[in-house]
1. Roughly speaking, what is the centre-to-centre gap between the stretch 663-711 and the stretch 529-578 when only Cα atoms are used, to the nearest Å?
2. If you average the C-alpha positions of the stretch 238-262 and of the stretch 204-234 separately, how far apart do those two centres end up, in angstrom?
3. Averaging sequence separations of C-alpha pairs under 8 Å and six or more residues apart, then dividing by the length of the stretch 104-225, give the relative contact order as a whole percent.
4. Please report the spacing between the Cα centers of the stretch 53-82 and the stretch 436-481 in Å, no decimals.
5. Take the Cα atoms of the chain, build their convex hull, and give its volume per residue in Å³.
6. Which loop-located trypsin sites (Lys or Arg not before Pro) does the stretch 33-134 contain, where loop means any DSSP state but H, G, I, E or B and the Cβ has at most 14 other Cβ atoms within 10 Å?
7. What order do you get for 633-640, 472-479 when each peptide is scored by the mean count of other beta carbon atoms within 10 Å, highest first?
8. Can you work out the Karplus-derived ³J(HN,Hα) for every residue in the stretch 665-676? Use 6.51 cos²θ - 1.76 cosθ + 1.60 with θ = phi - 60°, whole Hz, and x for glycine or proline.
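None of the figures in this text is laboratory data; all of them are computed from the coordinates on show. These numbers were taken from a predicted model, which means no experiment stands behind them. Cβ atoms come from the backbone with ideal geometry, glycine included; neighbour counts cover every protein chain shown.
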Amino acid sequence: MNETKSTCPYCGTGCGLIIEHDGQRIFNVRGDPDHPANHGRLCTKGATLHLTVAPETAGLRTTLPQLRTGKNTARQTMAWPAALDHAAQRFAEVIRDHGADAVAFYISGQLLTEDYYVFNKLARGLVGTNNIDSNSRLCMSSAVMGYKLTLGADSVPCAYEDIDAADCLLIAGANTAYAHPIVFRRIEDARAARAGLKLIVVDPRRTDTAAAADLHLALQPGSDIALYQAMLHVLLQEKLVDRDYIHQHTEGFVALEAAAREMSPAVAAGICGLKASDIVTAARWFGAADSASLSLWCQGLNQSATGSHNSAALIQLHLATGKIGRPGCGPFSLTGQPNAMGGREAGAMATLLPGHRDLADADDRAEVARLWDIDALPDKPGLSAVELFDALGRGEIKALWIAGTNPAQSLPDSQRVQQALAACEFVVVQDIYQDTETTPYADLLLPAAGWGEKEGTVTNSERCISRVRAALPPPGQALPDWRIAADFALALGRYLGREEQAQRLFPYTCAEEVFNEHRETTRGRDLDIGGLSYGLLEQRGPQQWPFPVGATSGQVRLYGDGRFPTPNGRARFIVPVVEGVAEAPDARHPYQLNTGRLRDQWHGMSRTGNVPRLFSHAPEPQLDMHPDDMARHGLKNQDLVRVANPRGSFVAKARASEAMAPGQVFMPMHWGGRFMAGAGVNGVTLPRFDPLSRQPELKHCAVTLEKLQNL
Ligand code: SF4
């Protein structure tokens, strides 16, 4: 039996694991006791990873390239060179006839940093378009913007060990018990070890996380900013703000203070549907003098048309109280995906560039062009996820490359996305599985290596870079994602008449060479990993960034010296705007649909859906409703109900739940049209997005309910 250390490919907790295998088959996985994220623990998803690889899922995998020559013809298998040649020819034709911005790449937080890096270089360095975005846009771009607006950079200042040192934990818009189970176990441990530790959970639903809290603030969807402004109001009233810290290390507090003084707990209570006294209690616990407060947040704040300001409003509570940069303190955004953070580092998103640079910054563009030894980077803004598929629907994008993600299931207003995919002239899908909601639209389906079959790195929520290692060869002719992107680039170079340039840009023979080049783009930046290498990660295990040349360890937390990466070194306060949800309920669509995750499923279930054991927790999609709403519609548990709005509909079984507030219903986000009657949950969700972060408001939309006759 062999043992190979690697990292879990599911959530942003980034647990280390040990793969037990014989080189041909994985028999078991267990938690890596040496990994700082999990210290040997795994949740149900991580512990069943061996059931998601060969031979258990052999028939489900893509193993050879498959091409169809007409939209209504069946795909035929073919060899890699011919497949990539065909793709290159089609992309080159589009670029020649319509310009570089007529092609686009939509990639994934499931990819490794090395994959991200090569795709980014392909789009911007060879093709010459900024039309590259990632499904990470759907999960954390509002947190990124919240950090940039206030702290000046996309740098999570905290670490998991801050959970152990906190006196108050504020979890906002996150069902950590389900979505980041090992983080939640650490929280449970901290509470068991420290009797006075207070847990506040802000969530419209009484989730398992909320049920464990000392104080559950079941606010109305879309009222987050009012709550945090009211907490600041209390902190001001009770002199719990740190005036010295504000004076020495921040700017812009005067305007924020004036706005917060208008938002009394009584006013906020009306907006949020909370008791004013609970808001006061939360503020007192959070702001208690000489105590440490840590806030953790995720999609409830991020997946909102005001997500950037939601995040900023929470971050500002830390700046106003000086609870940042020291043990147990800070605003800690939890990333949803295993490598959403790595994608940010590699800059493979429409608005970013490698090394935490910004596309909008001419100096940043020039610096990347110099690093890549090309004349210039394109400066036209790229299209973010929702915009990209809108452009596809309008016929402006004529060739699309999708890697490691399932947009026909996961994007809001999914039927519109499906129509856009169906109309696109040439769609390439690079995936490990044959059948997702997206693969039927693939003109060319390319087999990718999956977890346990590829080498690279990922970065988790606490900036910790871990190695991902191969234990098995990929099935058939599947290849690592970065290798597919690089081989395509070489073929495209030939068709574009830039063969020499492509060979110079994509010389890689292994993932380590890609990592080493990525590392060079970080030197001197806030995320500097100049001192890291595969060898060092092998020797010393996972490391947090920054880790510059000469460092002996990564940096646990940031901003301990009160200096921030802004032009004058001061953090910035902004005045967040209270707007509410983007689609308020009305007489025709009186219910607010809230979407979220189950404990044992992952995204669109392409992987977890193949493990029968993972359905024991929730065997089928159910719509959770308040018992009064059930009674109003004459519904009993298990009755079928159609959930609809003008964008689409889906059918699910109703379930009475005291966790729900009247007027709100909840549906897990995992089930797409493949698995349920109707369009799937995202058939009804709203494509409206935050203008700053461009993250769509997947969390809420207005729907109507109709009882159906049971079959
Ligand atoms: Fe994997 Fe997340 Fe579970 Fe850890 S908590 S085992 S990273 S799914």
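1. About 37 Å separates the Cα centre of the stretch 663-711 from the one of the stretch 529-578.
2. Here the answer is 22 Å between Cα centres.
3. Values: 127 pairs, mean separation 20.1, N = 122.
Computed value for the stretch 104-225: 16 percent relative contact order.
4. 16 Å
5. Numbers: hull volume 104.0 nm³, N = 711.
So the per-residue hull volume is 146 Å³.
6. Numbers: sites: Arg41, Lys45, Arg61, Arg68, Lys71, Arg75, Arg90, Arg96, Lys121, Arg124; in loops: Arg41, Arg68, Lys71, Arg75.
Sparse-neighbourhood loop trypsin sites (Lys or Arg not before Pro): Arg68, Lys71.
7. 472-479, 633-640
8. The phi angles translate into 10, 10, 9, x, 8, 7, 8, x, x, 5, 10, 9 Hz.
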